[in-house]
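See structure below.
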Amino acid sequence: MSSANNCSGSSAKFFSGALISRIVVALVFFAIAAVFANAQVQNGIFTGTVIDPQGATVANADVSITNLGTNETVTLKSNTEGLYRAAELPVGTYKFTVTAPGFKKAVKAGIYIGAGVIERVDFKLELGQQTETVVVEAGAVQVQTEDSRMYETINQGQIANLPLNGRNVFDLITLAPGAVDATGVSFENGHSTVVNGLRPNFNGFLVNGSADKGLSGGVVTTPNADIVQEFQELTLNMSAQYGNSAAAIVNVVTKSGTNSLHGTAYGFWRDDKLDANDTFLNKNSTARPELRYGQFGATLTGPIWKNHIFFTASYQGDRYLTVAAPTDIQTESPQWRAIVASAFPNSVANTIYSKFPALPVANQSSSQSLSDYVAASPGGSGFSAFGDYMCPANFPTGFTGLATNQFTHLFGITPADQTYLTGTHPKSNTDPTPVPNCATYFAGLPPGLAAGVVINRNMPFLDNNVLVFGSQTSSNGNLFNGNEWSTRIDWNASQNDRVFGEYYWIHTSDQFGGVNASSGIHGFRNPTASHFPNFQANWVHTFSPTLINEARAGYVLNRTDLTVATPGIPSVGFDDATAGFGSYNGYPQYFHENIYSYGDMMSLQKGKHSLKFGGDFRRNLENSEFNIARPSYYFMDQIFFAADSPYGMVGGTDPGFISGKPAQLADNFRHWRNLEVGAYFQDDWKVSKRLTLNLGIRWDLFTRHTEKQGLVTPFIPGPGCVHA
């Protein structure tokens, strides 16, 4: 006898002693298992009514639902209204067998249930003996009448055949009504997709119902397309069990094993040798950019112990190499480097010039002479004459550490310089303030003529160059270099217990990393490595045909380490935008985010009411470092650099006024913490055969992000007093 019959009668018996004890057990189970339920969307629900030839309901009909892949069978009875409901069934194809005294057996096979779908399957029994069987063909998919949600579902066949750049399944988000690609317009995490007008980082992402969304939004782990069974995107009217995201909720369901052994192997390859060149590159006689992209792998599913334990295993390799968009930039000429080596052999500039020359580039064109450069005055100093470099009064306010004899030694003093230095002239081409006679800086006498290291002031100074820098990550992140593998185990532990666990591991690397267009042409690289493992565990326990509990846990690591290939060189930049040296002083950067999620959901069928209630818990731990201990130096131009004369320096130091300690190198580690809690109650009320009401209420708490060690400068409001 089903519990639906045991609990029938007056409403006072709704919470009978037996039922209360079961609920208590389930709540204890939730507290102990502490498993995640950010949204219960990886399973499906079958519901329907059983009627006789006259349309009257048939109570206590036996409904048997068998998964054709695993041979797992769920049995239940129709209630007094002839209604049955089989909740939390894994995605797959099923066979129905319905029997009742006085009626022929009804069989309906080949019915597919998708993720998070409520599929209605009704039966009209014929009078006769149970030994007689009526086989009913599964008809076309009906209009969804049991759920008011708006969603888009894409099956594995479509996923395999739709053109996806890099086979990123999350690109399918744009196929749903109301989804608009905002690439190049919005730069938030969230796959650059606006759904129903909401911001991209409002999108939620799940893998088998477990969280796959970082603290700042966006996808963390992207499963390879070959292991995806189904892609579902919910866009509107979600039930109360869905939380955490105001826009779309995207769920990827991976393949589970069956009693049959199945396998696939694949390989895709792209090469610039097979491509036509870009029209504009052809116009400029520029060769095709290098492109090598290979994606290969295999997937295998099958039984470990027939009818009980099943597996899914996959591997995918990604090999990617290309070049970033060419960037025009000026680099110091070899002739200028030779001059600096002769004039200042022990200078830092000579050391850096000699160790890190500009990379040879086929597109290098004409050079700008030293005299033309000075006359054009593109640097931050505003100097437009050689004499400006030998007059300290010309130097910008606050400039220190410059000896004029350095420039005198470099350029010498010509008759034109002598005339310039003994006259009165504007301070610079941007500052008309007159500068007094510079001869006062030369012992009060007009400077004598002197020969410098630079004999020919028309020498090549800057080469017009093109930076063509390698890359192993595409701009949209779909193409990358790395390896990924996964293992999933499904276990039908008993008739009442179903468990699965999946671990997905992905590692990507880029030997070039984030390149600084200024210093990349000198060979400075920032290798990047990323790890995005994802683990889910799920346990469905059936207390009775009408009372089912689902509990789950999930863990995601979002780790990106951006390092510096040449850490001993500071960042060197020039105001005239010529090629600098060193990596960005904000590197290295380390970002480690751990996402733990837990929860539980109870499903209860009571008469015409299908009840769900449960809770969610999510903990975000973000540990990161933005390292600025390696300083950056700023120069007016390459001429000031030759003389080791920066006008400014920035270093990552802690002045100590907060901690009370002496000034020291800054500790730029941060440990952000956030907690999200939700609870919900959902009632899908079958008012009649033609009317179902989806009613629900949800409560969510999103705590403010806090820094574990209080390493955030607080804003302390003043007393608000006004003093006369």
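Yes/no matrix, rows are residues, columns are (1) under 30 Å from the mean Cα position of the chain (by Cα); (2) modelled with pLDDT of 85 or more:
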| residue | (1), (2) |
| --- | --- |
| ALA642 | no, yes |
| VAL650 | no, yes |
| ASP667 | yes, no |
| VAL677 | yes, yes |
| TRP685 | no, yes |
| ARG698 | yes, yes |
| LEU701 | yes, yes |
| PHE715 | no, no |
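Does ASN478 satisfy being closer than 30 Å to SER583 by Cα and either touching a helix residue (DSSP H, G or I) at 6+ places or on another chain (Cβ under 7 Å) or of a type in the set (A, V, I, L, M) (or both)? Steps first, please.
Values: closer than 30 Å to SER583 by Cα: yes; either touching a helix residue (DSSP H, G or I) at 6+ places or on another chain (Cβ under 7 Å) or of a type in the set (A, V, I, L, M) (or both): yes.
Here the answer is yes, as ASN478 does meet what is asked.
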Margin query: Given the condition of a type in the set (A, V, I, L, M, F, W, C) and surrounded by fewer than 16 Cβ atoms within 10 Å (Cβ to Cβ), answer yes or no: does some residue in segment 455-463 qualify?
Written below: yes
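For the subset of segment 564-614 comprising residues that are among the hydroxyl-bearing types (Ser, Thr, Tyr), assigned to a loop (DSSP other than H, G, I, E, B) and touching a Phe, Trp or Tyr at 6+ places or on another chain (Cβ under 7 Å), which member is farthest from PHE669 (Cα to Cα)? It would help to see each step written out before you state the result.
The initial filter retains those residues of segment 564-614 that are among the hydroxyl-bearing types (Ser, Thr, Tyr), namely 566, 571, 578, 583-584, 587, 590, 596-598, 603, 610.
If we keep only those that are assigned to a loop (DSSP other than H, G, I, E, B) too, we end up with 566, 578, 583-584, 587.
Now narrow it down to the ones that are touching a Phe, Trp or Tyr at 6+ places or on another chain (Cβ under 7 Å): 566, 583.
Details: THR566: 21, SER583: 20 Å.
Here the answer is THR566.
Tell me, please, whether a residue that is touching a Leu at 6+ places or on another chain (Cβ under 6 Å) and of a type in the set (S, T, N, Q) can be found in segment 65-79. Reasoning before the result, please.
Narrowing segment 65-79 to residues touching a Leu at 6+ places or on another chain (Cβ under 6 Å): none.
Within segment 65-79, not a single residue is touching a Leu at 6+ places or on another chain (Cβ under 6 Å) and of a type in the set (S, T, N, Q).
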Checklist line | Conditions (1) touching a residue at least 60 places away in the same chain (Cβ under 8 Å); (2) surrounded by 16 or more Cβ atoms within 10 Å (Cβ to Cβ); (3) more than 30 Å from THR93 (Cβ to Cβ); number of the one not met by ARG337 | finding: (1)
Margin query: Please go through segment 62-92 and give me each residue that is over 20 Å from GLY114 (Cα atoms) and surrounded by fewer than 19 Cβ atoms within 10 Å (Cβ to Cβ), ordered by number.
Written below: ASP62, THR80, GLU81
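Yes or no: segment 628-635 includes at least one residue that is in contact (Cβ under 8 Å) with a residue 60 or more places away in the chain, of a type outside the set (Lys, Arg) and part of a loop (DSSP other than H, G, I, E, B). Show your work before the answer.
Step one: list which residues in segment 628-635 are in contact (Cβ under 8 Å) with a residue 60 or more places away in the chain, which gives 630-635.
Those still in the list that are of a type outside the set (Lys, Arg) too: 631-635.
After this cut, where a residue has to be part of a loop (DSSP other than H, G, I, E, B) as well, the list is 631.
Yes, because at least one residue in segment 628-635 is in contact (Cβ under 8 Å) with a residue 60 or more places away in the chain, of a type outside the set (Lys, Arg) and part of a loop (DSSP other than H, G, I, E, B).
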Next item on the list: Tell me, please, whether a residue that is modelled with pLDDT under 90 and either of a type outside the set (Asp, Glu) or assigned to a loop (DSSP other than H, G, I, E, B) (or both) can be found in segment 449-460.
Entry: yes
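Scanning segment 260-299 for residues that are hydrophobic (A, V, I, L, M, F, W, C) and assigned to a loop (DSSP other than H, G, I, E, B), which turns out surrounded by the most Cβ atoms within 10 Å (Cβ to Cβ)? Can you show your working first?
The first filter runs over segment 260-299 and keeps only residues hydrophobic (A, V, I, L, M, F, W, C), leaving 261, 265, 268-269, 274, 276, 280-281, 287, 291, 296, 298.
Right, trim to assigned to a loop (DSSP other than H, G, I, E, B) and you get 261, 276, 287.
Values: LEU261: 10, ALA276: 8, ALA287: 12.
Out of the qualifying residues, it is ALA287.
Name every residue in segment 641-650 that is of a type outside the set (A, V, I, L, M, F, W, C) and either more than 14 Å from GLY573 (Cα to Cα) or outside any loop (DSSP other than H, G, I, E, B) (or both), in order of residue number. Even if it seems obvious, please write down each step before you answer.
In the first step, residues of segment 641-650 are kept if they are of a type outside the set (A, V, I, L, M, F, W, C); the result is 644-648.
Once the filter is applied, which keeps residues that are of a type outside the set (A, V, I, L, M, F, W, C) and either more than 14 Å from GLY573 (Cα to Cα) or outside any loop (DSSP other than H, G, I, E, B) (or both), segment 641-650 yields only GLY648.
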Checklist line | Residue under evaluation PRO177, criteria (1) under 19 Å from SER245 (Cβ atoms); (2) under 15 Å from the mean Cα position of the chain (by Cα); (3) not in a strand (DSSP E or B), criterion not met | finding: (2)
Notebook entry, point to check: Does any residue in segment 44-64 that is farther than 11 Å from TYR84 by Cα come within less than 8 Å, Cβ to Cβ, of a residue that is part of a strand (DSSP E or B) and acidic (Asp, Glu) six or more places away or on a different chain, and which pairs are these?
Noted result: GLY44/GLU119
Next item on the list: Kindly provide the set of residues from segment 180-210 that are at pLDDT below 80, among the β-branched types (Val, Ile, Thr) and under 16 Å from ASN478 (Cβ atoms), ordered by number.
Entry: THR183
Checklist line | Number of positions in segment 560-607 that are surrounded by fewer than 20 Cβ atoms within 10 Å (Cβ to Cβ), β-branched (Val, Ile, Thr) and over 25 Å from THR528 (Cβ atoms) | finding: 0
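Looking only at segment 51-102, which residues are part of a loop (DSSP other than H, G, I, E, B) and β-branched (Val, Ile, Thr)? Steps first, please.
The first filter runs over segment 51-102 and keeps only residues part of a loop (DSSP other than H, G, I, E, B), leaving 52-56, 58-61, 68-72, 78-82, 91, 100-102.
Passing the criteria: VAL58, THR70, THR80, VAL91.
Residues are listed down the side, and each one gets a yes or a no for (1) modelled with pLDDT under 95; (2) of a type outside the set (A, V, I, L, M); (3) within 23 Å of GLY209 (Cβ to Cβ):
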site: THR487; (1), (2), (3): no, yes, yes
site: HIS507; (1), (2), (3): no, yes, no
site: SER519; (1), (2), (3): yes, yes, no
site: HIS522; (1), (2), (3): yes, yes, no
site: THR546; (1), (2), (3): yes, yes, yes
site: ARG552; (1), (2), (3): yes, yes, yes
site: LEU557; (1), (2), (3): no, no, yes
Margin query: So the check is Cβ under 8 Å with 6+ separation or different chains; which pairs have a first residue in segment 496-516 that's in contact (Cβ under 8 Å) with a residue 24 or more places away in the chain and under 24 Å from THR473 (Cβ atoms) and a second one that's of a type in the set (Ser, Thr, Tyr) and not in a strand (DSSP E or B)?
Written below: TYR504/THR221; ILE506/THR221; ILE506/THR222; GLY513/THR563; GLY514/TYR584; GLY514/TYR587; ASN516/SER583; ASN516/TYR584
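Criterion first (under 14 Å from the mean Cα position of the chain (by Cα) and free of Cβ contacts under 8 Å to residues at least 24 places away in the same chain) does ASN201 satisfy it? Quick ask: steps written out before the conclusion?
Working: under 14 Å from the mean Cα position of the chain (by Cα): yes; free of Cβ contacts under 8 Å to residues at least 24 places away in the same chain: yes.
So ASN201 fits the description; yes.
The values are calculated or read from the model by the stated rules, or taken from the named source; none is laboratory data. This one's a predicted model, so the numbers in the text were calculated from it and none came from an experiment. Because the Cβ atoms are built from the backbone with ideal geometry, glycine has one as well, and the counts that use them run over all protein chains shown.
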